1. Looking at G52, G60, which one is small (G, A, S), modelled with pLDDT under 95 and either closer than 22 Å to P130 by Cα or in contact with an Asp or Glu (Cβ under 6 Å, 6 or more places away or on another chain) (or both)?
2. I'd like to verify a number: residues in the stretch 24-42 that are touching a residue at least 24 places away in the same chain (Cβ under 8 Å) and within 17 Å of V80 (Cβ to Cβ), how many?
3. Just the residues that are among the acidic types (D, E) and free of Cβ contacts under 8 Å to residues at least 60 places away in the same chain, please, taken from the stretch 124-169.
4. So is S75 assigned to a strand (DSSP E or B) and modelled with pLDDT under 95 or not?
5. Might you check whether a residue that is buried (at least 18 other Cβ atoms within 10 Å of the Cβ), in contact with a helix residue (DSSP H, G or I) (Cβ under 6 Å, 6 or more places away or on another chain) and either acidic (D, E) or within 23 Å of E83 (Cα to Cα) (or both) occurs anywhere in the stretch 126-149?
6. So which of R25, R31 is surrounded by fewer than 19 Cβ atoms within 10 Å (Cβ to Cβ) and charged (D, E, K, R)?
Amino acid sequence: MDVVTGAQVAVTLTVPTSREHMWDRITAVDRIGEWSPEATGAAWSGDGTSDGRTAGPVAGARFTAHNRFPNGFESTVTCVVVEARRPSVFAWTVVNDSGEVGSTWRYELRDGSEPETSVVHHSFTHGPGPSGVRPLAEANPQAVNDRLVMLCRNMTTTIAAMAGDATMSGETR
């Protein structure tokens, strides 16, 4: 039984900054290491897309991300932007060398109920391809749940740090 494919987690937070500013943070993949407890860095790849568009938050763009886990394991992954609609949606997949999708990440932004606030919905879905959790789940199916709990915590921390940076940086809102 495949306990990994389709496993997902999502968090929704209202933050004290505009969705335009949150969009700028979320799509600044080169700054993720400043905010995330797990992602240590990322960079847009080459010119970004196969059709020559510049790197950045556009569908088809690629970036390479680096992660460090509490057990010391480090990974480097290739990510492909699958949806980018400023300032509402930014989503990407993590793919292996064969193009198989190991996970999908998605941010959805909407205006908050108070002025200069935004609602950030961030989701993660495993599979269907290979991921670092598969070998752990084969040995212990509880590992999937443990990973989802960790992701939920890390996603919340990252969003809060991004929002805090946006409101503390002195930018005009």
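1. Result: G60 is the single residue among G52, G60 that is small (G, A, S), modelled with pLDDT under 95 and either closer than 22 Å to P130 by Cα or in contact with an Asp or Glu (Cβ under 6 Å, 6 or more places away or on another chain) (or both).
2. 6
3. E138, D146
4. Considered against the rule, which asks whether it is assigned to a strand (DSSP E or B) and modelled with pLDDT under 95, S75 comes out as yes.
5. The answer is no, given that none of the residues of the stretch 126-149 is buried (at least 18 other Cβ atoms within 10 Å of the Cβ), in contact with a helix residue (DSSP H, G or I) (Cβ under 6 Å, 6 or more places away or on another chain) and either acidic (D, E) or within 23 Å of E83 (Cα to Cα) (or both).
6. When all the criteria are applied, what remains is R31.
A quick yes/no check of all residues on (1) closer than 22 Å to S123 by Cβ; (2) out of contact with any Leu (no Cβ under 6 Å at 6 or more places or on another chain); (3) of a type in the set (D, E); (4) touching a residue at least 12 places away in the same chain (Cβ under 8 Å):
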site	(1), (2), (3), (4)
V11	yes, yes, no, yes
M22	yes, no, no, yes
W44	no, yes, no, yes
G60	yes, yes, no, yes
F63	yes, yes, no, yes
G72	no, yes, no, no
A91	yes, yes, no, yes
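The values are calculated or read from the model by the stated rules, or taken from the named source; none is laboratory data. Keep in mind that what you see is a predicted model, and the values were worked out from it rather than measured. Cβ atoms come from the backbone with ideal geometry, glycine included; neighbour counts cover every protein chain shown.
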